[in-house]
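Each remark here refers to the structure printed beneath this line.
The values are calculated or read from the model by the stated rules, or taken from the named source; none is laboratory data. All values reported here derive from a predicted model rather than from experimental measurement. Every residue, glycine as well, gets a Cβ built from its backbone with ideal geometry; the counts of neighbours run over all protein chains shown.
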Amino acid sequence: MLCMKLTRKQWMMLVVLVLGAFVTVLNQTLVTPALPSIMTEMNVDQSTAQWLTTGFTLVNAIMIPITAFLQDRFSTRKLFVFSMSLFAVGTLLAAVGLNFPVLLGGRLVQAAGAGILMPVTMTVLMLVFPVDRRGSAMGIFGLVIAFAPAIGPTVAGFVIDQADWHILFYLIFALSIVIIVPSLFLMDNKAPANKGDSVLDPLSLALSTLGFGLMLYGFSALGSAGFTLVPLLTTALGIVGVVWFFIRQTRLPRPMLRVDVLKNRRFLVGTIIGMLVQGALLAAGILMPIYVQSLHGLSATVSGLVLMPGAILMGIMNPIAGKWFDRHGPRRMAIVGMSLLTLTTFAFAILNLTSSIIYITIVYTVRMFSMSLVNMPITTWGMNALDNKVMNHGTSVNNTLRQVAGSLGTAIIIAVSTQVQNIASPELGAAQGTMFGINAAFLVCTVLCLVGLVMTIALVKDKPGEEAAVDEEGTRKSLLTSIMKTDVYSLSREATVEEAMRLFVEKNISAAPIVDESGEPVGFISDGDILKRLSPRSNSFTDPIVLINSTVNDDEGYDEKLAKVMQMRASEIGAASPICVSVHANLTDVCRVLSENHLKKVPVLESGHIVGIINRSDITQYSMAAYLADHPERAVYCGEGPSGQHECVEEACEEC
């Protein structure tokens, strides 16, 4: 079945976008394995070298809120090319890396480009794909994003063993150039729909930069240095700056970031669950290598291999989960995912020093499988509640809060693990103390997952009625259902043309969908399809001899031909691949489908079943009524005038 087709150029644009996101994520996973080599070559300690990852996270998070403003001012092509070029420049600086300041500077420039790129990619995915296929789109995006962490450490280890860490950045630079060149031709260069709606308020920019920067730095410092004065003060100042920034955005007539999207209940719920999952996701990534290497005495390569099956499975499952989401909604899938996530996280909370590596690998793999059932589906579910006009602000808010959740979760996890380890080690020994610290950290993560599970059960719904309720101000489901024809007359797969004609005459319609036993559309027949069969020129010919022979042999009378056609199956002469639209589609998408395929009407689907028919005339009448309602000065007045007599400004009035 063909629903809401994308053009070839749109597909190519999406490929370029997703590859750009893949390179930026891959870049992040390559650095950690290279830290020991960088520390040795540049003679820096671990706390200094760690800024290559901490600094990247800080700048990345700072740029995300600004991206919503940039998307309101510049086209996708300009913004994508600029962000990828900025990323490439930073990568080249890091590759040269003559000393640590140059290397760190390159990483910070990289982060600025990556901070713009990720929200832009998510926004384009949400806008280009219709609502009923956004789950699949985000699933493909998740597949690529999950694949990068799966192969990153392995690739980095191999390159470092064979050459040196500089080669890693040169490889990333080459990939960046390969992506930038086609983006100049494939990316959409249309002006943004909301151009001028946002204003770059200097105070908001300062609050955003300092607030998020200080808060994330404070979280990182709390994780490593504990609850000392400087990290606590830095975190407090950052929180004050972020709160001030959010309050200011609600009071500005043209805010830099539309934080009011959080007033949308479904988006808020989806964002909070996503934050809890993000905090839990980073826990295993940080603690499991410590467990495998420090407590089992195994190599970093083995540690990476323990994590790899889970990352690969999560990547494979993301597009599958996306299709399930499009077909069945998020609720059942998210409940199963959050339940598994809670159980597997608790399984890590009761590990001991003798737990086998195979057991660890299996539990971690199941845990990542559960992530795929929650992460992208819940994010897409929340984003679908927003109007397309504020989608870029929604992606920026969502990405920013997930970054904050990741940093805060990391800080809490490391702080709990460190404090419990310090308390337990003097009496139980270093190994058992470390084990208790890891158990305690995972126990905290279990509580976070349990909160997410309760929220999912109580608040995540996928009933059709809810879609209409959340879209009252939009133009998706509620509008389409209000103007489409709900009296749907369909034909079975076995129906004849005679039955189709009887249906057309009795119901005064000109076309009908053909459905299978389950009610899903498998074809479409119109009166035009029947007329083509009755015409002597029912086929197209490129060979004139064949055309002549066909004309000579076509000596049947009209009545004979009509009798034969009437006995044929409707599915034989109708369209084999029905063109349809989702009940969640907006009118712009519906108009595109009608015009591109030269159709008068298309079936409207919900969960694979036909719930209505939308005609061109339905859209025309709605559009004119809406336009005249917004422009009353253009409406024709016809009614009682001041004198009490009937008055009309147009001679066409029947009463006049």
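Structure notes:
Here's the yes/no breakdown for (1) at pLDDT 80 or above; (2) under 22 Å from the mean Cα position of the chain (by Cα); (3) basic (K, R); (4) not assigned by TED's automatic domain parsing to the domain that holds I273:
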position	(1), (2), (3), (4)
M455	yes, yes, no, no
A458	yes, no, no, no
E467	no, yes, no, yes
G474	no, yes, no, yes
D487	no, no, no, yes
L491	yes, no, no, yes
E498	yes, no, no, yes
E506	yes, no, no, yes
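- Residues in the range 247-284 that are assigned to a helix (DSSP H, G or I), closer than 18 Å to A206 by Cβ and under 24 Å from the mean Cα position of the chain (by Cα): V259 only.
- Filtered residues of the range 121-145 (kept if β-branched (V, I, T), at pLDDT 70 or above and crowded, with 24+ Cβ neighbours inside 10 Å): T121, T123, V124
- Yes/no for T380 being assigned by TED's automatic domain parsing to the domain that holds R402, within 20 Å of M288 (Cα to Cα), crowded, with 18+ Cβ neighbours inside 10 Å and within 28 Å of the chain's Cα centre (by Cα): no
- Residues that are surrounded by 13 or more Cβ atoms within 10 Å (Cβ to Cβ) and assigned to a helix (DSSP H, G or I) within the range 503-520 comprise L503, F504, listed in sequence order.
For (1) closer than 21 Å to A148 by Cβ; (2) assigned to a helix (DSSP H, G or I); (3) within 24 Å of the chain's Cα centre (by Cα); (4) among the small types (G, A, S), each residue gets a yes or a no:
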{"site": "V23", "(1), (2), (3), (4)": "yes, yes, yes, no"}
{"site": "I38", "(1), (2), (3), (4)": "yes, yes, no, no"}
{"site": "V44", "(1), (2), (3), (4)": "no, no, no, no"}
{"site": "P65", "(1), (2), (3), (4)": "no, yes, yes, no"}
{"site": "M84", "(1), (2), (3), (4)": "yes, yes, yes, no"}
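- Residues in the range 208-248 that are farther than 30 Å from G437 by Cα, surrounded by fewer than 21 Cβ atoms within 10 Å (Cβ to Cβ) and among the polar types (S, T, N, Q): T209 alone.
- Matching residues in the range 96-109 - criterion: being crowded, with 18+ Cβ neighbours inside 10 Å and under 19 Å from D164 (Cβ atoms): G97, F100, L103, L104, G106, R107
- Residue within the range 161-183 that is at positive phi, surrounded by fewer than 18 Cβ atoms within 10 Å (Cβ to Cβ) and at pLDDT below 70 present: no
- Test result for G90, surrounded by 23 or more Cβ atoms within 10 Å (Cβ to Cβ), at pLDDT 90 or above and part of a helix (DSSP H, G or I): yes
- Here I525 passes the criteria (1) modelled with pLDDT under 80; (2) touching a strand residue (DSSP E or B) at 6+ places or on another chain (Cβ under 7 Å); (3) among the aliphatic types (A, V, I, L, M) except the one numbered (1).
- Hits in the range 7-48 (condition: at pLDDT 80 or above and in contact with a Gly (Cβ under 7 Å, 6 or more places away or on another chain)): L26
- Residue-level analysis places I413 among those that are crowded, with 24+ Cβ neighbours inside 10 Å and over 15 Å from I273 (Cα atoms).
- Hits in the range 6-21 (condition: within 29 Å of C580 (Cβ to Cβ) and either assigned to a helix (DSSP H, G or I) or not assigned by TED's automatic domain parsing to the domain that holds F87 (or both)): R8, K9, Q10, W11, M12, M13, L14, V15, V16, L17, V18
- Within the range 392-409, considering residues that are farther than 13 Å from G274 by Cα and crowded, with 24+ Cβ neighbours inside 10 Å, the one modelled with the lowest pLDDT: S407
- Among the residues of the range 601-624, those that are at pLDDT 75 or above and more than 17 Å from I514 (Cβ to Cβ) comprise I614, N615, R616, S617, D618, I619, T620, Q621, Y622, S623, M624.
- When the helices (runs of 4 or more DSSP H) confined to the range 544-590 are screened for residues that are within 49 Å of the chain's Cα centre (by Cα) and modelled with pLDDT of 75 or more, those reaching at least 1 such residues are found at 558-567, 570-573.
- No other residue among L343, L351 is over 15 Å from M455 (Cα atoms), part of a helix (DSSP H, G or I) and not assigned by TED's automatic domain parsing to the domain that holds F246 apart from L343.
- The residues on offer are G433, G429, and the sole one that is closer than 20 Å to T345 by Cα and at pLDDT 70 or above is G433.
- Residues in the range 357-377 that are of a type in the set (S, T, N, Q) and at pLDDT 90 or above were compared, and the one that is nearest to the chain's Cα centre (by Cα) is S370.
- Considering the conditions (1) more than 26 Å from the chain's Cα centre (by Cα); (2) at pLDDT below 85; (3) part of a helix (DSSP H, G or I), L203 is excluded by exactly one of them, (2).
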